[in-house]
Each structure stands twice: as structure tokens, then as C-alpha cells.
1. For the chain, report the accessible area per residue in Å² (1.4 Å probe, heavy atoms, rounded to an integer).
2. Using θ = phi - 60° and the Karplus form 6.51 cos²θ - 1.76 cosθ + 1.60, what ³J(HN,Hα) does each residue of region 182-196 get, whole Hz, x for Gly and Pro?
3. Gain in length, residue 265 to residue 121, computed as 0.36 nm per residue apart minus the alpha-carbon separation, to one decimal in nm?
4. Once Rh for region 221-356 is found with the Kirkwood sum over Cα pairs, what is the Stokes-Einstein diffusion coefficient at 4 °C and 1.567 mPa s, in µm²/s?
5. By what distance, in whole Å, do the Cα atoms of region 121-251 stretch along each of the three principal axes, largest value first?
6. Distance in nm between label sites at residue 218 and residue 68, each 7 Å beyond Cα in the beta-carbon direction?
7. Return the inverse of the average 1/r over all pairs of distinct C-alpha atoms in region 220-290, which is the Kirkwood hydrodynamic radius, in Å to one decimal.
8. May I ask for the angle, rounded to the nearest 10°, between helix 111-123 and the longest principal axis of the chain, with both axes built from Cα atoms and the value confined to 0 to 90°?
Amino acid sequence: MRQDWLASASATLVGSMPHTDRSKVIDLILREIPEIPVWPQLPAFQAEQMMIQYLEGLPGLSTLEGRTCIQTDAPEFEEQLYAFYEEYLEVEGETRSLDDSRFQLGPETGKTFFRFLEALAAKRSRLRAVKGQVVGPFTLLTSLKDQQDRPTLYDDRLQDAVAKHLAMKAKWQIRRLNAFGCPVIIFLDEPALAGFGSSAFISVSCELIQQLLKEVVDVIHQEGALAGVHVCANTDWLLAFDADMDIINFDSYNYFEKFALYRENFLKFMKEGRTVAWGMVPTSDIAAIERETAQNLADRWLKELEQLVSPEVSLQKILSQSLFTPSCGCGSLPEPMAERVVQLTRELSTIMKSQL
């Protein structure tokens with residue numbers, strides 16, 4: 001874990017973009033987000049949709065009546081589960097290469113990732129960090145169902161397997177991104193955490209969610225990388241503060257007041273040298289994307305931040321430990337709007353850096 005790393009008001013992105021031209025979107029990111037570029041997930045390609053991209057390699061994966069599920073009642077499921085753990089232990093024990101395992105991204109799921117690696121290697125620019133992402137374990141377990149349409153979250157076997165699966169996916173990604181000789185950041189994208197505490201998850205405990213997050217975060221830290229979590233709406237932020245995250249990323253454009261309720265946790269987080277990635281550039285409202293300017297967003301953030309600063313945690317300290325991002329991924333936006341979001345994020349970062 002690298003708590004000595006300073007974000008210094010830099011810009012990065014959440015991940016998804018709407019483009020179908022891989023070269024065009026990668027060029028955009030490397031041009032506009034040069035300090036902490038991120039490989040883009042392109043959900044226009046089915047294999048790169050957030051859930052589908054990380055299902056590859058899971059035991060019991062089946063298609064029933066047109067939907068993807070884990071078929072735990074299939075005769076071969078236990079055998080597949082055993083093979084999964086056998087391979088996991090081989091990779092953990094370094095007797096099998098991650099590049100020769102089910103945990104790598106495949107030719108289709110990883111097409112944009114591999115193109116990004118090539119483009120970044122050719123650019124040879126100096127980087128503050130490079131960012132990747134995996135879907136978070138809670139989101140995958142609540143979205144992926146079994147043959148009875150029951151979330152796999154409620155199957156103890158799959159709770160464990162999915163967390164280990166995503167930890168290895170993150171590990172493989174880190175080892176590829178380490179080639180650029182700078183800190184690696186891996187975000188766990190956890191949109192489902194916005195539903196925590198609702199009737200849909202009334203039986204789910206904080207302890208279970210933190211256990212799932214920690215399994216992935218521990219592996220990220222073992223690889224020397226920084227672990228972040230992205231939630232695109234409000235949640236119980238103690239889940240993130242108490243999960244040993246280095247970076248918390250949230251939609252501060254819409255939910256700053258909700259986050260500010262956790263002021264003491266935030267101040268402790270800052271004192272520990274960790275980072276908040278402020279999602280200040282709107283992505284859910286096209287009118288807001290067209291209307292906002294980077295200066296408006298900067299003025300608004302500085303005004304709102306007044307309720308969080310303290311004698312021990314100054315504006316300067318917060319800025320030095322801040323990233324600026326879009327409020328969420330841009331994958332569902334029209335391309336011109338997504339590109340405007342990226343540009344606004346860069347411009348906002350530039351203004352904030354001038355305050356340091």
C-alpha cells in the first residue's frame with residue numbers, strides 16, 4: 001500500500017466510454033488525461049460490458065433461456081468448482097503463470113485493454129500513475145444469478161469463489177500495468193452498494209460486504225498497488241472508510257452533502273494520507289454537461305468543502321490528496337457528451353492544481 005503517494009489534484013476517469021473506435025478513445029484519454037490515464041471499458045462491445053467482462057473463468061457459467069447464470073445444479077458444477085480452486089492455488093503458489101490462467105482477460109474481453117497497453121508504451125510519457133478497474137465483488141454477486149434467478153451472493157461457495165476470482169483478475173491487471181514504472185491504481189466499481197440497506201439487501205451485513213471487499217483489496221496491496229472504490233450514488237460510506245481503501249471515489253456533484261455527514265471519518269482518512277476522488281463532473285444529465293463549466297465546478301467544490309476542512313486538515317492538504325473525476329462512467333452517453341465530460345475533468349483539475 002502506498003500511502004506516501006500524492007494525487008495532487010490530478011484528473012482521472014471512472015472507466016466506461018461509449019466509443020466503438022478503440023484508437024480514437026484511447027488517443028482522447030492519453031491526450032486529455034495524461035497524468036493518470038485509464039484503460040477504457042467499451043460497453044458498446046458486449047464482451048466489455050461491466051459484468052460480462054469479468055465473468056470469464058468462473059465455474060458453472062451457463063446460458064439458460066437467453067440469460068447468463070451460474071448453474072449450481074449442473075452435474076459438472078462441483079468438478080468445475082474444484083478445478084477453479086486448483087488453478088487458483090497454483091497461481092497463488094507461483095507454480096502457474098497468471099498469463100496461462102483463467103484469470104487473464106481474453107482476446108475479446110481484453111481487446112481494448114491490450115490496445116491501451118500498446119498505445120501507452122508507444123507514448124512513453126511520464127505518469128503520476130496508471131489506472132485500471134474491476135467490477136466489485138458485491139456488485140457482481142448481486143447481479144449474477146443462479147439457475148433459480150437467485151443472486152449468487154446468497155451461495156457461500158460463490159461468495160468465496162467470486163471474491164478470489166476478482167482478486168486474481170486485479171492481480172493480473174496490475175502485473176501488466178506495472179510495465180510503465182509508476183504506481184498502479186485499481187478501482188473496484190461497486191454501483192450496487194448504492195442499494196445497501198434497502199429492502200432488497202435487508203439480510204446483508206456490513207461485515208460480509210467488507211469481507212468481500214477486503215479479499216480483493218488485500219491482493220491489490222500485496223502487489224504494491226493502490227486500491228480504490230467507486231460508488232456512483234449514495235451509500236453507507238463506513239463500508240468504504242473501514243475497508244482499507246486508499247481511494248474513495250463518489251458522485252460529489254450530486255451527493256456531496258450525504259458524504260459530508262461522515263466528516264470525522266473523512267478527516268481521519270485524510271490524516272492517514274489517503275485520497276478522495278471527487279466525481280465533480282456530471283454524467284447523468286446532458287443538460288448539466290452542456291451547462292457546466294470547469295470554473296463553475298471548481299467554485300462549487302471549494303464552497304462545499306468549507307464544511308469538511310479543519311485546523312488539522314486544511315484545504316491545501318485535502319487538495320494534495322484529491323483526484324478529480326467524472327461523477328460516473330460515460331458509457332451510456334453520446335460520444336460528444338462523453339468527450340466533453342473528459343475535457344471538463346481535465347480543465348477542472350488544471351484549475352485545482354493552481355490552488356496548490
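1. Working: 14140 Å² over 356 residues.
Per-residue accessible area for the chain comes out at 40 Å².
2. After applying 6.51 cos²θ - 1.76 cosθ + 1.60, I find 9, x, 10, 10, 10, 8, 8, 7, 10, x, 5, 5, 5, x, 5 Hz.
3. 48.0 nm
4. For the chosen part, D equals 85 µm²/s.
5. Its Cα atoms span 49, 29, 22 Å along the three principal axes.
6. Spacing of the two 7 Å Cα→Cβ label points: 2.8 nm.
7. Kirkwood hydrodynamic radius for region 220-290: 13.0 Å.
8. Its long axis makes an angle of about 40 degrees.
The values are calculated or read from the model by the stated rules, or taken from the named source; none is laboratory data. Remember, it's a predicted structure, so these values are computed and weren't measured experimentally. So basically every Cβ, Gly included, is an ideal-geometry build from the backbone, and we count neighbours across all protein chains shown. Just so you know, the surface numbers come from the protein's heavy atoms only, side chains and all, with ligands and any DNA or RNA stripped out. Shrake-Rupley method; radii C 1.70, N 1.55, O 1.52, S 1.80 Å.
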